[in-house]
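Here is the structure we will look at, set down as structure tokens.
The values are calculated or read from the model by the stated rules, or taken from the named source; none is laboratory data. Because the structure is a prediction, the values reported are computed rather than measured. Note that we place each Cβ from the backbone using ideal geometry, even for glycine, and neighbour counts take in every protein chain shown. Keep in mind that these areas ignore ligands, DNA and RNA; they rest on the heavy atoms of the full protein, side chains included. Shrake-Rupley method; radii C 1.70, N 1.55, O 1.52, S 1.80 Å.
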Amino acid sequence: MSDNQKSGVVGGNYRWVGNNTRRPDGVDKVTGRARYGDDMVLPGMLHMRMLRSPHAHARILSIDTSDAEAMKGVKAVVTHKDVPDHPPAKPPFGPAVSDFHDLSRNIMAREKVLYDGHAVAAVAATTESIAKRAVRKIKVEYEILPHVLDPYEAAQAGAPILHEHQFTLGLEPKPKEPSNLFRTLGGEQGNLEQGFENSDLVIEREFSSQPVHQGYIEPLACVASSSEDGAVELWTSTQGHFVARTLLSRLLNLDMSKFRVTASEIGGGFGGKTTIYHEPAAILLSMKTGRPVRSVMTRGEVLRATGPTVGSVCRIKIGAKKDGTLVAADAEIWYQAGAFKGGPVARATDSFFSPYKIPNARTACHDVCVNRPKAAAYRAPGAPMATWAAEAVINELATEFGLDPVEMRLKNAVKEGDTSLMGTKHGRIGCIEVLEAAKNHPHYNAPLKKNQGRGFALGYWLHGGGLSSASANLLDDGTLTLALGTPDIGGSRSSMRAMAAEELGIDIELVKPAVVDTASLGYNHLTAGSRTTYATGMAVVNATREIIEKLCSLAAFKWEISVEEVRWDSGEALPADKYAGKLKPFSLKQLAKMAPGTVGPIAGHSEINAKGAGASFCAQISDIEIDPETGGTSPVRHTVILDAGRAISPDYVEGQMQGGAVQGIGWALNEEYIYDDNGRLLNTGFLDYRMPVASDVPMIDTLIVEVPNPKHPYGVRGVGEPPLVPAPAAVAIAVENAIGRRMGDLPMSPPKVLAAMDAQKLAAE
Amino acid sequence: MAGLRYEAPNTVDAAIGLLSEVAGAKVLAGGTDLLVQIREEMIDPDLIVDIKRIDETRRIEITPDYVKIGAAMTGAELGENEELAAMWPGVIEAVELIGSWQVQGRATIGGNLCNASPAADSVPAIIASGAKIVVAGPQGVREIPAEEFPKAPGRTALEANEFVVSLVLPVPPKRSGDAYLRFIPRTEMDIAVVGAGVSVSLNEDGTCASARVALGAVAPTALLVKDAIDALLGSKLDDVTLEKLDKAARDACNPIDDKRGTIEYRTKVAGVLVRRTAAIAWERAQKQNG
Ligand SMILES: Cc1cc2nc3c(=O)[nH]c(=O)nc-3n(C[C@H](O)[C@H](O)[C@H](O)COP(=O)(O)OP(=O)(O)OC[C@H]3O[C@@H](n4cnc5c(N)ncnc54)[C@H](O)[C@@H]3O)c2cc1C
């Protein structure tokens, strides 16, 4: 644990909230007792393996499973024939696309395979090794088709078409030819042309980045068990078991109530576990065999077939006045959605220009299909790559004008009452506080050594609220259980119990939180969008307050006074008003003991649609050292400054900040998918998919700023996503500053850095 | 269906017998390559023969004339032997670069050699040391010079049913030093883009009396680079020598473009690394006065 520092507005003097407490899941995790996706073993369980496409794009002519089915130990095989088909979804589409035509084909290829690793069939056998061998006996005839991997190329006329039924939305007249470009989202305000004309300087640059994987440590794993009466139990590593239930019920045309989905302990997700992949096949095989079926994906399968975030091409043009005032900004962006539409274009457009007031602005963000796995969410989906582009150009403007990059941003920073390009009206936000904290941080002006460069970037993220349910049960002995429905991916159980203990005024160790299955609680949306501590936290506070009300009524009943004359303080019911000090207070423990003999069990529950999560800001300072002979890069110092609203559990907030920075370092420096000429993925393991390891990064400094969110009882803002938003930007800008040359293409891997340095030397000669 | 059979014989002869019994049987040392290959379905052997119970593969013997290292000694174990580490610091730093702390507790020097990856870290250092590879098989025991052991990616000089029992390294003369450096984009858990092993012995006047220079990951097998050795012999490590060494290394490269690096990049970095490695070996040799 490092000392996390705090600055800014800190209000409220709490016993648990804002303090580091023992983590409730810690002991089980360090002793190996915690049960992850592949720790579930059921009697009679079969093992599933999938056959996956070796082609980037091919028509399936036939699939012959007979040899596999004839093998001893093989109990069933499923293909697309076993998956219910769905018609394509019709417009209008919301910001997030939901299309069961696509989903049914992503989990099992139907007419075509669309990427290397696309699932084609699944086998259930008595052992994993038999299942593996059976997979090799399935014969598939393919007609290989040309493929396309780059989003810009894929959007051009004449590119190989992935979906013959997809016509670009919103074009008049309706296009005659199908296209990989699904739609373009964006916004516009002011007068762009005039804005650029009125600018003292306009800088335009093009940037590109590669898809990067969330890189969660635990590969996807599940166990499905269906019974003769059509009930389905599913144990799976997911960021949202209620969402999985909805998807599975609609995909398989089964009543939602037939499903009982349990979220296992989860070894990371970062957005990557927000949908379903192998679960439908495991359920279908369980239905066919009547036996539980387990599937554990390999790392190779995870990299080939599950969603990374999108790769991008961004053209950014920004104009400003000499004094640093931003006047006009224009962005055109191509995001590769992967094999099916639905890249994070909507969120992207409300991210990169949003920290600033820019009177004339336009964004256009294209959602393009390519022959890669369908993109999934990844911490602030869509924001980091475009944020890099915008922040790099703003820094260049500052340099040209001789302005300090933070001062220039302060000049344009958004405040309470401002409205973003995409129409978000801001309440109390901490953009200025974060920038001020960055400027005053010792790192910001620390001297650099030879071959080192510094990058500064600011990031914005608008958080989600949404649907959450929680229930709290007070037990006879005065302890409390909390039932939650949002998987704990970043320490939410710790924060939930801190808030419950704070409300009740009892020792935090008396509260035991648990993530329960879909049959045990009202609906919960995903643990994603930095929403859990905000939304589920509110539900927990509500549920706990309901318990307090009931305890006050019980005390009133015992004292024979009215409930209005009872108040709750620090774990006790106290007589108030005219009875104040006249009756002996009841402790929570006494009341809990009285309850069974009087009012009965005491519980509270809350089901909400949380609004007002609002935006938060994160600034990062990165120092990178370059080996001038090899182009090797070393992050030597990195600082993250984040407005957390209120850090309920500061250690966890610090962990989120450090994790985001590390992921950004990997994204900017070395992570990339390497495909061969046939569109086959070559780096299917962590040895060659170069995520940073612990020794690659310095200790990441953190500074938590607290500008409490007025919409949350404890002032929480989301902290999961903002730490990644400006991270690749800060690192990439540092590399460019170190070598004194623009690169504009991520990752800035050693060969590219060396080539840029050589080009720089040539140019100097 | 027959599963995967596992045997752990106690003697060299028993191991040869088992290897001869089942076609395609695989030797198992630390398993950090073998088990990964089985899991990734690159190979599907019916028998694996674990050689870790064979005494000869599990010891280090240091005599006045030679150093004998059992093939199944792990990187961690080799690093703990202070006498060995003082004699061949470059070989030791090479095995201690393999993977991570955890991987080094399993990964063996023989396994690194026999896996025959062109990028194997210990191999350039082993070649630079002038080691001989001791091989046992149905026809008896033979010794192969280290530089002749790797034949192609994934292929070695081992004949059917042979396996490596140990490696024999010379005892370095006075004023000797060796070193190994590799380039990877990360700091660990990565495979060399280029690896360079250099060993030198110096004359009393500081000129080079003998030298061996080897490169990894820049050709189908690790290379002993003759021109680089010639550049060093009789010279001091001045700028002219370093420039010659750099060029000799670049000229020797015959790399591929792959997921770990491009031809152009690998060639350039080979020159840089050889210079840097030679400088470390030189400094060590200068400190080894007797
Ligand atoms: C995470 C990770 C990181 C890694 N990092 C590196 C790295 O940085 N540098 C590097 O060079 N390698 C690296 N490797 C590869 C591997 O660890 C090394 O090659 C290691 O030295 C192999 O030794 P082993 O004892 O585990 O071999 P095994 O896996 O047991 O065997 C490897 C091969 O050699 C054969 N074999 C083994 N011993 C003998 C013998 N005595 N005689 C005949 N055949 C034999 C086996 O049949 C097999 O084909 C890494 C591997 C992993 C999993």
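The table that follows gives values for the structure above.
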{"read-out": "Test: residue in the stretch A:74-86 that is over 25 Å from A:R347 (Cα atoms), within 14 Å of chain B (Cβ to nearest Cβ) and out of contact with any Asp or Glu (no Cβ under 7 Å at 6 or more places or on another chain)", "value": "yes"}
{"read-out": "Residue in the stretch B:232-241 that is within 13 Å of another protein chain (Cβ to nearest Cβ), free of Cβ contacts under 8 Å to residues at least 40 places away in the same chain and over 19 Å from the mean Cα position of the chain (by Cα) present", "value": "no"}
{"read-out": "Selection count where residues are in a loop (DSSP other than H, G, I, E, B), within 16 Å of the ligand (Cβ to nearest atom) and surrounded by fewer than 19 Cβ atoms within 10 Å (Cβ to Cβ), scope the stretch B:64-89", "value": "0"}
{"read-out": "Per-region count, the stretch A:337-355, residues under 23 Å from A:H147 (Cβ atoms), open to solvent by less than 10 Å² (accessible area, probe 1.4 Å) and not β-branched (V, I, T)", "value": "5"}
{"read-out": "Within the stretch A:744-765, tally of residues that are in a helix (DSSP H, G or I) and under 14 Å from A:E629 (Cα atoms)", "value": "12"}
{"read-out": "Members of the stretch B:93-113 found to be within 15 Å of the chain's Cα centre (by Cα), surrounded by fewer than 23 Cβ atoms within 10 Å (Cβ to Cβ) and not acidic (D, E), listed by number", "value": "B:L97, B:G99, B:Q104"}
{"read-out": "All positions within the stretch A:639-698 that are within 14 Å of chain B (Cβ to nearest Cβ) and among the β-branched types (V, I, T)", "value": "A:V662, A:I665, A:I674, A:T684, A:V693, A:V697"}
{"read-out": "Pairs where the first residue, in the stretch A:521-534, is modelled with pLDDT of 95 or more and the second is among the aromatic types (F, W, Y), C-beta under 6 Å, 6+ apart", "value": "A:Y523/A:F242; A:N524/A:F242"}
{"read-out": "Those residues of the stretch B:119-133 which are near the ligand (Cβ under 10 Å from one of its atoms) and either more than 11 Å from the chain's Cα centre (by Cα) or not in a helix (DSSP H, G or I) (or both), in sequence order", "value": "B:A119, B:A120, B:D121, B:I133"}
{"read-out": "Count of residues meeting criterion [open to solvent by less than 20 Å² (accessible area, probe 1.4 Å) and more than 9 Å from chain A (Cβ to nearest Cβ)] in the stretch B:272-290", "value": "6"}
{"read-out": "Boolean, B:T108 is within 28 Å of B:G17 (Cβ to Cβ) and within 13 Å of the ligand (Cβ to nearest atom)", "value": "yes"}
{"read-out": "Residue that is farthest from A:D150 (Cα to Cα) [pool: residues in the stretch A:295-312 that are within 14 Å of chain B (Cβ to nearest Cβ) and in a helix (DSSP H, G or I)]", "value": "A:R299"}
{"read-out": "Pairs where the first residue, in the stretch B:92-106, is assigned to a helix (DSSP H, G or I) and the second is within 8 Å of the ligand (Cβ to nearest atom) and open to solvent by less than 50 Å² (accessible area, probe 1.4 Å), C-beta under 6 Å, 6+ apart", "value": "B:A94/B:D121; B:A94/B:S122; B:V95/B:G75; B:V95/B:I109; B:V95/B:S122; B:Q104/B:G75; B:Q104/B:I98"}
{"read-out": "Subset of the stretch A:31-77 (residues that are polar (S, T, N, Q) and open to solvent by less than 30 Å² (accessible area, probe 1.4 Å))", "value": "A:S53, A:T65"}
{"read-out": "Selected residue (criterion: farthest from A:I429 (Cα to Cα)) from residues of the stretch A:683-719 that are of a type in the set (A, V, I, L, M) and not in a loop (DSSP other than H, G, I, E, B)", "value": "A:A694"}
{"read-out": "Test: residue in the stretch A:317-335 that is out of contact with any helix residue (DSSP H, G or I) (no Cβ under 8 Å at 6 or more places or on another chain), in a strand (DSSP E or B) and not aromatic (F, W, Y)", "value": "yes"}
{"read-out": "Single residue of A:G740, A:G720 found to be at pLDDT 95 or above, surrounded by 17 or more Cβ atoms within 10 Å (Cβ to Cβ) and away from chain B (no Cβ under 14 Å)", "value": "A:G720"}
{"read-out": "Selection count where residues are in contact with a strand residue (DSSP E or B) (Cβ under 9 Å, 6 or more places away or on another chain) and not in a helix (DSSP H, G or I), scope the stretch B:248-278", "value": "4"}
{"read-out": "Per-region count, the stretch B:208-251, residues under 21 Å from B:K287 (Cβ atoms) and open to solvent by less than 20 Å² (accessible area, probe 1.4 Å)", "value": "6"}
{"read-out": "Selection count where residues are near the ligand (Cβ under 10 Å from one of its atoms), open to solvent by 70 Å² or more (accessible area, probe 1.4 Å) and away from chain A (no Cβ under 14 Å), scope the stretch B:1-55", "value": "1"}
{"read-out": "Leading residue by the ranking (farthest from the other protein chains (Cβ to nearest Cβ)) among those in the stretch B:178-193 that are open to solvent by less than 10 Å² (accessible area, probe 1.4 Å) and in contact (Cβ under 8 Å) with a residue 60 or more places away in the chain", "value": "B:D178"}
{"read-out": "Condition check for A:K752: open to solvent by 10 Å² or more (accessible area, probe 1.4 Å), of a type outside the set (V, I, T) and within 14 Å of another protein chain (Cβ to nearest Cβ)", "value": "yes"}
{"read-out": "Strands (runs of 3 or more DSSP E) wholly inside the stretch B:137-177 that include at least 1 residues being of a type in the set (S, T, Y) and within 16 Å of the ligand (Cβ to nearest atom)", "value": "B:163-170"}
